[in-house]
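> Could you have a look at this structure, given as structure tokens, before my questions?
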């Protein structure tokens, strides 16, 4: 014949199970990941209002971006004798449509295009 547990034994068992449930709930909360736009397909507009971690851990050097003072620049110089020269000359004046045949040409700018063919 099996003995039925007494009141004290049942009470101690309930306390032990309550402690175990509390421990398991805390462990589950640590393991559970809340869904946000970074770890699921939820759009960023549905994220809770929380601060996002910075993308970069780099520290600022205090210098401005770009070339620093004293650095010698390197520029691709214009070629003295290009392979092809294309002269772009309009044959009419844009606003009134008059001919520009008798007007003296004034060079306003030069450009160089470098094509690399392999």
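> Is it the case that segment 58-72 has a residue that's assigned to a loop (DSSP other than H, G, I, E, B) and modelled with pLDDT under 80?
Yes.
> Name, by its number, the condition in (1) modelled with pLDDT of 85 or more; (2) within 21 Å of the chain's Cα centre (by Cα) that does not hold for residue 84.
That leaves (2) as the condition not met.
The values are calculated or read from the model by the stated rules, or taken from the named source; none is laboratory data. Note that the coordinates shown come from a computational prediction; the quantities given were computed from them, not determined experimentally.
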